[in-house]
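Everything below concerns the one structure shown next.
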Amino acid sequence: MNGKNKLTLEELEDTVEKVYVAMLEKNYDPTIQLAGYILSEDPLYMPDHNNARGLIRQVDRDELLQLLIDYYLQNRFSSVNESKND
């Protein structure tokens with residue numbers, strides 16, 4: 001886990017939201033910037049605006065990737081998930 005404190009799901013989501021908003025406010029493309037960060041773990045992909053760079057450094061890269069993939073799969077294949085739970 002790269003020596004970072006494990007965030008709760010709520011803390012992780014809150015942090016990602018703050019970083020996302022900061023990127024939008026500075027006209028960054030969040031998809032490209034997050035992909036670059038996940039691949040390299042280089043915080044310079046994040047703006048310093050609203051401490052987004054400092055915030056993203058608190059997030060474990062593997063946890064961030066898992067959060068994004070989980071969200072995508074649950075939303076993209078929601079009908080499969082619903083029928084599985086029936």
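The values are calculated or read from the model by the stated rules, or taken from the named source; none is laboratory data. None of these values were measured; they are calculated from a predicted model. Note that each Cβ is placed from the backbone with ideal geometry, even for glycine, and that neighbours are counted across all protein chains shown.
The set of residues in region 32-45 that are more than 19 Å from Gln66 (Cβ to Cβ) and either aliphatic (A, V, I, L, M) or touching a Pro at 6+ places or on another chain (Cβ under 9 Å) (or both) comprises Ile32, Leu44. Is it the case that region 44-64 has a residue that's at pLDDT 95 or above and among the small types (Gly, Ala, Ser)? Among the residues of region 44-64, at least one is at pLDDT 95 or above and among the small types (Gly, Ala, Ser), which makes the answer yes.
The residue of region 1-31 that is surrounded by the fewest Cβ atoms within 10 Å (Cβ to Cβ), among those that are hydrophobic (A, V, I, L, M, F, W, C) and assigned to a helix (DSSP H, G or I), is Leu9.
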